[in-house]
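A short write-up of the structure that comes next.
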Amino acid sequence: MHRNQKRTMIRTILAAATATLSLATAAVALAGDVAPAPNGIDIPEDYKDWRVIGISHRTDNNSLRMILGNDAAIAAARAGRTNPWPDGAILAKIVMKDASHASWPAATVPGQFVHAEFMVKDNARYAATGGWGYARWLGADQTPYGKDANFVQECHGCHTPMKDNDYVFTKPVALP
Ligand code: HEC
């Protein structure tokens with residue numbers, strides 16, 4: 001191959017590699033594009049990979065909920081260390097509207113995604129709200145919930161009846 005031809009070829013390969021790299025970077029930027037909650041909590045990036053702690057069905061607003069935990073929460077649940085939950089544990093609740101299975105209407109299955117919300121255990125940082133940092137993101141575009149950082153009073157207020165259970169409603173599901 002002629003020297004000039006070789007140079008052109010290397011340039012083309014380099015340009016293609018650079019384009020691929022910047023595409024990859026753009027994809028990463030998009031994935032991490034969810035704005036933080038008004039109290040500064042970021043959406044946990046890997047929450048869709050977390051494991052199940054419990055499920056619930058609300059008949060007052062016709063929705064299904066998956067309650068998931070990060071590794072620290074799952075370890076605590078398995079060890080029965082949930083009152084109190086340890087620092088570092090994060091609980092997630094993913095809410096979806098009820099839908100009927102198309103081929104088996106008696107089966108209630110997850111329909112439209114409503115919101116994802118989180119409780120982050122850090123006793124020192126969130127001492128004012130029982131050691132839990134609260135955050136919620138709405139809808140498929142994951143809009144942060146709350147006008148300002150005070151939105152957590154609403155969360156904490158409704159979780160306060162569960163004070164004797166470290167403010168948590170969900171009991172880890174018992175499996176054989
Ligand atoms: C009106 C009452 C109410 C309010 C307000 C409320 N919650 Fe809850 N939350 C519940 C109940 C009841 C459960 C139990 C499971 C369910 O809903 O199916 C729960 C469960 C949870 C769970 C799973 C862990 C657990 O305690 O069982 C998380 C995480 C959570 N809520 C986060 C939040 C966040 C964040 C906010 C505020 C943005 C909030 N909650 C506001 C009533 C409330």
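The values are calculated or read from the model by the stated rules, or taken from the named source; none is laboratory data. What you see is a predicted model; the values in this text were computed from it and never measured. Please note: Cβ atoms are built from the backbone with ideal geometry, for glycine as well, and neighbour counts cover all protein chains shown.
What about R65, is it surrounded by 16 or more Cβ atoms within 10 Å (Cβ to Cβ) and either under 19 Å from T129 (Cα atoms) or assigned by TED's automatic domain parsing to the domain that holds A140 (or both)? The answer is yes for R65. In this entry, D33 passes the filter for residues that are of a type in the set (D, E, K, R) and at pLDDT below 95.
Being in a loop (DSSP other than H, G, I, E, B) and aliphatic (A, V, I, L, M) holds for only one residue in A116, A124, and it is A124. Scanning the stretch 132-142 for residues that are touching a residue at least 40 places away in the same chain (Cβ under 8 Å) and either within 13 Å of the ligand (Cβ to nearest atom) or loosely packed, with under 10 Cβ neighbours inside 10 Å (or both) yields G133, Y134, A135, R136, W137. Hey, any hits in the stretch 117-132 for a residue that's out of contact with any Gly (no Cβ under 7 Å at 6 or more places or on another chain) and at positive phi? Yes, the stretch 117-132 contains a residue that is out of contact with any Gly (no Cβ under 7 Å at 6 or more places or on another chain) and at positive phi.
Of all the residues in the stretch 80-110, those that are free of Cβ contacts under 8 Å to residues at least 40 places away in the same chain, assigned to a strand (DSSP E or B), surrounded by 13 or more Cβ atoms within 10 Å (Cβ to Cβ) and more than 11 Å from the ligand (Cβ to nearest atom) number 3. Identify, please: which residue in the stretch 151-163 is free of Cβ contacts under 8 Å to residues at least 60 places away in the same chain, farther than 23 Å from I74 by Cβ and out of contact with any Gly (no Cβ under 9 Å at 6 or more places or on another chain) and is, among those, surrounded by the most Cβ atoms within 10 Å (Cβ to Cβ)? The residue in question is Q153. Residues in the stretch 143-176 that are polar (S, T, N, Q) and more than 8 Å from the ligand (Cβ to nearest atom): T143, N150, Q153, T160, N165.
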